[in-house]
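Here the structure comes first, spelled out in structure tokens, and everything after it is commentary.
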Amino acid sequence: MKNIVILISGRGSNMEAVVHAAREEQWPARIAAVISNKADAKGLEFAQEHGIPTAVVANKEFATREAFDAALQASIDGFAPDLVVLAGFMRILTPGFVAHYDGRMLNIHPSLLPLFPGLHTHQQALDAGVARHGATVHFVTAELDHGPAVLKAEVDVLPGDTPDTLAARVLVQEHTLYPRAIRLFVEDRLSIDNGDVRIADTTHN
């Protein structure tokens, strides 16, 4: 059984999707903890209602990013994680923290990376006039939103779309995409080869 620790900052809708998928599909894994940098994150209530241990490491209590990341790392490692999942965790992580979880930390970003890294991705997509937009699950590296991509999902950009309408359609895809990618990790089907993710085919095993 692999231990998964999920980091959130707010509602945690992707966290909810992962928890449901893990239980319904009976992954060989357990959600060991949900940790937030905000004590009032709504997702903590969901985790507690589902019997998942929770913790809060409030970034506002630390003078530097490095001090916060050190405390966060200590909290995460207390749950012996095989995988750390960023699910709407709104912090830029220090290189040392990222290196500690190299090859075992995933993020989902609401764009078709490498397009539109950073914030306001849906507005960026509309401003660029692209016909397709979507989401990307990727391994986390020190360079923001540039880690090796695991899976992507696409949606059409429709006439009259606003950032909110586009975000809503992308989020529906995220709730399917993220659990799929995490399950591949749990099943030991992901590897990184020269900066690219390889997905092992187990259909003939």
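The values are calculated or read from the model by the stated rules, or taken from the named source; none is laboratory data. Bear in mind that the values here come from a model prediction, so they are computed numbers and not experimental data. Here the Cβ positions follow ideal geometry from the backbone for every residue, glycine too, while neighbour counts run over all protein chains shown. Quick note on the areas: whole protein, heavy atoms, side chains included, nothing else; ligands and nucleic acids left out. Shrake-Rupley method; radii C 1.70, N 1.55, O 1.52, S 1.80 Å.
Quote the relative contact order of region 25-77 in percent (integer), defining contacts as alpha-carbon pairs under 8 Å separated by 6+ residues. Show your work: numbers first, answer last.
Working: 49 pairs, mean separation 16.9, N = 53.
Answer for region 25-77 is 32 percent.
Summarise the long-distance tail of P(r) for region 1-124 by giving the % of C-alpha pairs beyond 16 Å.
Details: 4729 of 7626 pairs.
Every Cα pair in region 1-124 considered, those over 16 Å come to 62 percent.
Once you list every other residue whose beta carbon is under 13 Å from the beta carbon of Ala168, what net charge do they have if Lys and Arg are +1 and Asp and Glu are -1? Don't skip to the answer; put the middle values down first.
Working: positive: Arg169; negative: Asp161, Asp164, Glu174.
Cβ neighbours under 13 Å give a net charge of -2.
As I understand it, the dipole of the chain uses +1 on the Cβ of Lys and Arg and -1 on the Cβ of Asp and Glu, about the Cα centre. Which of Ala99, Ala67, Leu151 lies farthest toward its positive end?
Highest projection toward the positive end goes to Ala67.
Taking a probe of 1.4 Å, how large is the accessible area per residue of region 43-145, in Å²?
46
What percent do you get for the relative contact order of region 110-205 when only Cα pairs under 8 Å and 6+ apart count?
Details: 133 pairs, mean separation 23.9, N = 96.
It comes to 25 percent, rounded to a whole number.
More than 20 Å apart: what percent of Cα pairs in region 1-66 qualify?
Working: 593 of 2145 pairs.
More than 20 Å apart: 28 percent of the Cα pairs in region 1-66.
How large, in percent, is the carbon and sulfur part of the accessible surface of the chain at a probe radius of 1.4 Å? Walk me through the intermediate numbers first.
Numbers: 5150 of 10090 Å².
Its accessible area is 51 percent carbon and sulfur atoms.
Post the alpha-carbon centroid distance, region 137-204 to region 62-79, in whole angstrom.
Here the two parts' Cα centres lie 26 Å apart.
Can you give the relative contact order of the chain as a percent, counting alpha carbon pairs under 8 Å and 6+ residues apart? Numbers along the way, then the final one.
Details: 375 pairs, mean separation 38.8, N = 205.
Dividing the mean separation by the residue count of the chain yields 19 percent.
Run the helix sum for the chain: -39,500 (n - 2.57) per DSSP H stretch of 4+ residues, divided by residue count, reported at 222 nm to the nearest 500 deg cm²/dmol.
Value at 222 nm, helices only, nearest 500: -10500 deg cm²/dmol.
Tell me which of Thr141, Pro179, Ile192 sits at the most positive position along the dipole axis of region 136-205, charges placed on C-beta atoms (Lys, Arg +1; Asp, Glu -1).
Pro179
How large is the dipole of the chain about the Cα centre if only Lys and Arg carry +1 and Asp and Glu carry -1, each at its Cβ, rounded to the nearest 20 debye? Working shown, then result.
On the way: 17 positive and 25 negative charges, 42 e Å.
Charge dipole of the chain: 200 debye, to the nearest 20.
With viscosity set to 0.890 mPa s at 25 °C, what whole-number translational diffusion coefficient in µm²/s follows for region 125-196 from Stokes-Einstein and a Kirkwood radius over Cα pairs?
On the way: Rh = 13.6 Å.
Calculated translational D: 181 µm²/s.
With charges set only on the Cβ (+1 for Lys and Arg, -1 for Asp and Glu), what does the dipole of region 118-169 come to about its Cα centre, in debye to the nearest 20?
Values: 3 positive and 7 negative charges, 28 e Å.
Magnitude of the dipole: close to 140 debye.
Might you tell me the accessible area per residue for region 156-205, computed with a 1.4 Å probe and given in Å²? It would help to have the intermediate numbers written out before the result.
Numbers: 3100 Å² over 50 residues.
On a per-residue basis, 62 Å².
Using DSSP, restrict attention to beta bridges with both residues in the chain and report what percent are antiparallel, rounded to the nearest 5. The partial results should precede the final answer.
Numbers: 15 of 32 bridges.
Around 45 percent antiparallel, to the nearest 5.
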